[in-house]
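**Q** Mind looking over this structure? Questions follow.
Just so it is clear, none of the values below were taken in a lab; they were calculated from the coordinates. Just so you know, these numbers come straight off a predicted model, no measurement behind them. Virtual Cβ from ideal backbone geometry, glycine too; neighbours counted across all protein chains shown.
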Amino acid sequence: MSTTTAAAVSTDAADKLDFKRVLPIFIIVLIDLLGLTIIIPLLPLYATSFGASAALIGVLGAAYPLMQFIGAPILGRLSDRFGRKPILLISQLGTLVGFLVLGAANSLWLLFASRIIDGLSGANIATAQAVISDVTNEKTRTQGLGLLGAAFGLGFVVGPIIAFVSLSLSANNYHVPAFIAAIFSAISILLTWFLLEETHGPDKRNTDKSKPMLGFAAMFEALRHPQVGMLLVLIFAQQIAFGGFEQMLALFTLNRLGLNASGNAIIFVFVGIIVVAVQGGLIGRWSRRWGDRRLIYLGLATLTLGLALTALTPRQPPPWYNTAALTQELTATDAGTRRLPGETPPTYNLPIALPSDASKGWLGLGWLLLAMIPASIGGGVLQPAINSLITKRVADNERGGILGISAAFLSGANALAPLLGGVVFQWGGASAPFWLWAAIMGLLLIASLRTIKDTRAAP
């Protein structure tokens, strides 16, 4: 074989993702995320069953990312210093405890406690992203990070199905899916312990103890990075919109279409299938063809369209909808009714208005599913593209820390988004938050066209 041919073969190999090295972390993250995606469709309704208003549900949605905002940068820096595997195990243990508390919850404050515990240890994804960055190069990193997004997508397919089945078999007992989520979390800990090999050995670790680990000092330092600062601003701002969309969708469908936890599980399955298609296969080809910069433009444009279409969803429940049955599921008709041990406690004043039985049909559900297509494409593209570009602009021994900072910005946005969304939902109506987030995404698209330079020019 000639030198030229050998070089060409080597280049081709470098352009392809090494799935054998990525597969273990993909499986671990998928199993771990099954726990999260089991509870996402039912958590707002779980809180509703304790009498929480839309604004208070927004506060509950903010509890996890607010705690993650504190914990993720610390664990990211520690993974640079002590390795990825031990930090991942610590974060997974916190998730397990959080799910156990959620399953045992018999009051609203225990729901808050479960999300706070999980959030403080919630560096799972940031550390997994660092593992992917360790085993990929600049040409394959977007695809590798996209596979983590595909794990999210598969989780959103399988997790809500598990939630749907467990709710059906348990007569809508919200405690059962939470305990099932805890089982999956325990499995992920075992897989990490036995399957994952350390990817950040002692020779690569960052021993510089002068770098700040906590809070605003670390974030301001990252924002001052000439190649990374604007990307961190972008990942924060886009997550205000997309994170709020995810947190408030269940309340929107409850109000607009009368979908219960099982119905919302089906919506999340549909979204998950699209995200898997984008992040599991398409994003690698798109990244090689167009580059991260154009992928960011695509994500912003499609998410803007999806949010606007969601806001326009007609208020028409599906043919099987029954106001009395849904009200009975979420409330108790007799305040003196005694509950069995472990049974979800009722409320007596349903805080979210339900649609009428008068105008049933398929238009509302069909419209919403159509809106989910561009929204899912945008959400599937943005985070891998932005994080890939971020990791290409920092040194190898800083990747865990910078991805922890990125995760903290995401968490800060996820904390702010449901607070903002809950208040806007309560005072402006169900569509108001989605119009707000669509406007934010449109402005971000305009800003990114001016500020994000061609990735090929980046050092």
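**Q** Given the options Ala163, Ile183, Gln143, identify the residue whose Cα lies farthest towards the positive end of the charge dipole of the range 132-208 (+1 on Cβ of Lys, Arg; -1 on Cβ of Asp, Glu).
**A** Sorting the options by dipole projection puts first Ala163.
**Q** Please work out how much length the chain gains when fully extended from Glu197 to Val423, using 0.36 nm per residue of separation minus the C-alpha to C-alpha distance, in nm with one decimal.
**A** Details: separation 226, 0.36 × 226 = 81.36 nm, distance 4.50 nm.
So the chain would gain 76.9 nm between Glu197 and Val423.
**Q** Can you grab the distance from the C-alpha centre of the range 145-184 to the C-alpha centre of the range 355-399, Å, no decimals?
**A** 19 Å
**Q** Show me, for the range 34-42, the HN-Hα J-couplings you get by feeding each phi into the Karplus relation (A = 6.51, B = -1.76, C = 1.60, θ = phi - 60°), rounded to Hz, glycine and proline as x.
**A** Once θ is set to phi - 60°, the couplings for the range 34-42 become 4, x, 5, 6, 5, 8, 4, x, 9 Hz.
**Q** Let me ask something else. Label points 7 Å out from Cα along the Cβ direction at Glu221 and Leu282: separation in nm?
**A** 3.9 nm
**Q** Ok, one more. Please work out the FRET efficiency for the pair Met230 and Ile27, using the Cβ-Cβ distance as r and a Förster radius of 45 Å; give the result to the nearest 0.05.
**A** E(calc), rounded to 0.05, equals 0.85.
**Q** Sticking with this one: Each label point is 7 Å from the Cα along the Cα-to-Cβ direction; what then is the distance between the points at Ile273 and Asn137, in nm?
**A** 3.8 nm
**Q** Using a Förster radius of 41 Å, what is the FRET efficiency between Leu89 and Ala358 based on their Cβ-Cβ separation? Nearest 0.05, please. Please list the in-between numbers first.
**A** Values: r = 54 Å, r/R0 = 1.32.
My answer for the efficiency is 0.15.
**Q** So, one more: Using a Förster distance of 51 Å, how high is the FRET efficiency between Ala325 and Leu190, based on the Cβ-Cβ distance and rounded to 0.05?
**A** 0.80
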